[in-house]
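Novice: Encoded as structure tokens, here's the structure I'll be asking about.
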């Protein structure tokens, strides 16, 4: 169906399309996302878990199901796996800084349902591997997703 130009219906349709296209993306589930180190100026700023309202609505049921299945199966002591994240991510950041091997990196960490995403830049592949190993050893971390990029020294 084609709407006549200048009609009220055409104007409404255009406004609805524009509003949807510019819908604000933000951290709607309040998933923890922290920058841990910032030594590499050439490392691009990493984006946190930002989604639109429509994406949030589409994910809500899945998140509720995933979060509670951990408890129902006996793998979590808390009733929802997402409840761990606000505690895990600060511990991950603290462990990375305390370790001392990553001062020359730019790292961000994100948490969702006991999974930790490592984002940003390291100088050497060995740093990425050892960082992943370090985070895997932290209590309550179920999985580590390594999205680190190696940026060699100039």
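The values are calculated or read from the model by the stated rules, or taken from the named source; none is laboratory data. Owing to the predicted nature of the structure, the values given are computational and were not obtained by experimental measurement. Cβ: placed from backbone, ideal geometry, glycine included. Neighbour counts: every protein chain shown.
Novice: Has segment 78-86 got at least one residue that is modelled with pLDDT of 95 or more, closer than 28 Å to residue 137 by Cβ and touching a strand residue (DSSP E or B) at 6+ places or on another chain (Cβ under 6 Å)?
Specialist: yes
Novice: Next question. Applying the selection to segment 68-102, what residues are over 19 Å from residue 128 (Cβ atoms), over 21 Å from the mean Cα position of the chain (by Cα) and outside any loop (DSSP other than H, G, I, E, B)?
Specialist: Matches in segment 68-102: 71, 72.
Novice: Can residue 140 be described as surrounded by fewer than 18 Cβ atoms within 10 Å (Cβ to Cβ), within 18 Å of the chain's Cα centre (by Cα) and part of a loop (DSSP other than H, G, I, E, B)? Give the steps one after another, and end with the answer.
Specialist: On the way: surrounded by fewer than 18 Cβ atoms within 10 Å (Cβ to Cβ): yes; within 18 Å of the chain's Cα centre (by Cα): yes; part of a loop (DSSP other than H, G, I, E, B): yes.
Considered against the rule, which asks whether it is surrounded by fewer than 18 Cβ atoms within 10 Å (Cβ to Cβ), within 18 Å of the chain's Cα centre (by Cα) and part of a loop (DSSP other than H, G, I, E, B), residue 140 comes out as yes.
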